[in-house]
1. Has the range 67-79 got any residue that is over 16 Å from VAL133 (Cβ atoms) and not small (Gly, Ala, Ser)?
2. Does GLY268 fit the bill of being more than 26 Å from SER202 (Cβ to Cβ), surrounded by 13 or more Cβ atoms within 10 Å (Cβ to Cβ) and under 30 Å from the mean Cα position of the chain (by Cα)?
3. Given the structure, is ALA426 farther than 24 Å from TRP546 by Cβ, without any contact (Cβ under 8 Å) to a residue 24 or more places away in the chain and touching a strand residue (DSSP E or B) at 6+ places or on another chain (Cβ under 9 Å)?
4. Considering only residues that are more than 16 Å from VAL133 (Cα to Cα) and without any contact (Cβ under 8 Å) to a residue 24 or more places away in the chain, look in the range 51-61 and name the one that is nearest to the chain's Cα centre (by Cα).
5. For the range 85-108, which positions are closer than 19 Å to PRO134 by Cβ and part of a helix (DSSP H, G or I)?
6. Check off (1) touching a Gly at 6+ places or on another chain (Cβ under 9 Å); (2) within 26 Å of ALA534 (Cβ to Cβ) for ALA294 and give me the number that stays unchecked.
7. Say whether the condition of being modelled with pLDDT under 85 and over 46 Å from the mean Cα position of the chain (by Cα) is met by at least one residue in the range 491-509.
Amino acid sequence: MRLAQRLLLGSLLVVTVLVAVVVAVIDRRLHARIAALTADQLAREARLVATEWTAANDADSLADVAGAALGGRVTLIDASGRVVGDSEFDQPALGRLENHAARAEVRAATAGRTGSARRVSASAGDEELYVAVPARLGVARVSVRTRAVEEIFEGARRDVYVAGGVALLASTVLAYLFSRSVSRPVVELRDVAQAMAAGDLSRRPSLAAPGEVGDLAIALYRLAEQLGSRLAALRAEESLLNELFDSLNEGALVVSADRQVLRINGVGRRLVRAPSALPFPADQLPRDRALREALDTAVRGAPVGPVEVLADGRSLSLTARPLTHGGAVLALLDLTPIRRLEAVRRDFVANVSHELRTPLTIIGGFAETLVEDDVPADGRKRFAETILANTRRMQRLVDDLLDLSRIESGGWVPNPTAVDVAGVAADAIGAARLAAIERGVTIDVAVAGGARTVYADPTALRQVIANLVENAVRHTPAGTVTVFTEPGEGGAWVGVRDTGVGIAPEHLPRIFERFYRVDIGRSRDAGGTGLGLAIVKHLVEAHGGWVRAESMPGRGTTIRAFFPASGPHPGG
């Protein structure tokens, strides 16, 4: 049996005996106390009845009323001992009652004292407690059946037993706490010693134990401190290595000799889409042949790499090195952004070259023609105008490229203010007015009441509207181009809608890409550079906004830009 259990049982035995003795004593005294209190109460009730008994009152009626009010038996006895009123008997029955002058309580009341007696009633047949007091016209007596008194006592006894049980329960809790406080130091030292034996050196014993137990606790504490400091140094070094492992920009995997992935950092988990739980079989790695061959070679003890592999659509540079005790370490470098940038660069060079080739060819051809002396004067003028138009086209292309490069590189930062859209729109559409008249296009401005001003950089907003209007006029053979605003949640929309040729649904997701044209031939003939919508997108996003395009072939196009009211923030 444990020490705490022995202490608890001993304390409970002592407490149980004490509670039993207390309950027994209280039980005896409680019975006497309840009887005395009941007699006192009956005496007070009898005195109350005595004060109400006068010659003017009918004694039997008074007894009936008082008995009903007090809930007991009320008896009125004259000086000769004859019962003249009783709450339990009617008037005819009173004459058959025996004379009460010899009753003990009546004799005491006749003598001027308060008398009491306990006996079986000759008339009622039940044991009753009688209390009588002297009255002006005789004796007033009040009685109650002793059964009612016993019921009160039984209820009080139950309360005593309940209190004893609660006291015993509380004593049990206190005894348990006491036993725990006594046995805890010994148990604690045992647990600390067992934990240290199991390798847990973080546990420390309490130093508050008294006597020899306290000395043992101090010695065990010092031992744990020394071992803990050495283990902490080893853990710090391990933590440093783990942090270095997890902070690598390359993905890193540790594979055991039985082809279980034991360690993997966050980058590696993302690159190979590894399961969340470790370890897991190496068969769950991407099924790329080069990756599997490199892993097999490294597990067999030979280094590999770097080699380029393809995993889940990503280009990875893989290096594998064998471990001394079996297994291998794999390092993965994500080449996808580099390959994507190379593709963008190639596409950009190809697009720029393609865009410049046509005007340069035209300029070169007409320039060679102008070198000849036999070119007519009207031909020279036409050739010069063509050269000038293509030169301006290349100038616009170069300007747009410079603007786009400046925005993307962060060399331009918007300075947003509250701008009146109507004024900026009137200024921006001026450059496209002549081309609109030539094509039979009407340009309108419709500013909504709740979006008259926009929080934007004035120059950027002017360029956005100008590019959208120029693009709309270019693709509207005849009809209407409308610059409009709409209130939005947290900002305002600025857009341009036209009644032009429209855009097929498959082209809409790509119209904001550089050099993307829905109809390449028609766009070049109209003089577009293919960069206008890309510039619009980057200008709006620099404000923290976003752009939307809606169009149907033959029904026109609507392009709108959202400018937030509180400056740049992520959106879309």
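The values are calculated or read from the model by the stated rules, or taken from the named source; none is laboratory data. This structure is a prediction, so every number in the text was calculated from the model and none was measured. We place every Cβ from the backbone using ideal geometry, glycine too, and count neighbours over all the protein chains shown.
1. Among the residues of the range 67-79, not one is over 16 Å from VAL133 (Cβ atoms) and not small (Gly, Ala, Ser), which makes the answer no.
2. Values: more than 26 Å from SER202 (Cβ to Cβ): yes; surrounded by 13 or more Cβ atoms within 10 Å (Cβ to Cβ): yes; under 30 Å from the mean Cα position of the chain (by Cα): yes.
It is true that GLY268 is more than 26 Å from SER202 (Cβ to Cβ), surrounded by 13 or more Cβ atoms within 10 Å (Cβ to Cβ) and under 30 Å from the mean Cα position of the chain (by Cα).
3. Details: farther than 24 Å from TRP546 by Cβ: yes; without any contact (Cβ under 8 Å) to a residue 24 or more places away in the chain: yes; touching a strand residue (DSSP E or B) at 6+ places or on another chain (Cβ under 9 Å): yes.
Yes, satisfied.
4. Pass one, the range 51-61, residues more than 16 Å from VAL133 (Cα to Cα): 55-58, 60-61.
The next check asks that each one be without any contact (Cβ under 8 Å) to a residue 24 or more places away in the chain; those that pass are 56-57.
Details: ALA56: 84, ASN57: 82 Å.
Of everything passing the filter in the range 51-61, ASN57 is nearest to the chain's Cα centre (by Cα).
5. Hits for the range 85-108 are ALA104, GLU105, VAL106, ARG107, ALA108.
6. ALA294 satisfies every listed condition except (2).
7. No, because not a single residue in the range 491-509 is modelled with pLDDT under 85 and over 46 Å from the mean Cα position of the chain (by Cα).
A quick yes/no check of all residues on (1) modelled with pLDDT under 75; (2) touching a strand residue (DSSP E or B) at 6+ places or on another chain (Cβ under 7 Å); (3) closer than 30 Å to ALA565 by Cα:
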site	(1), (2), (3)
ALA350	yes, no, no
LEU360	no, no, no
GLU368	no, no, no
ARG392	yes, no, no
ALA418	no, yes, yes
ALA422	no, yes, yes
GLY430	no, no, yes
ALA435	no, no, no
GLU438	no, no, no
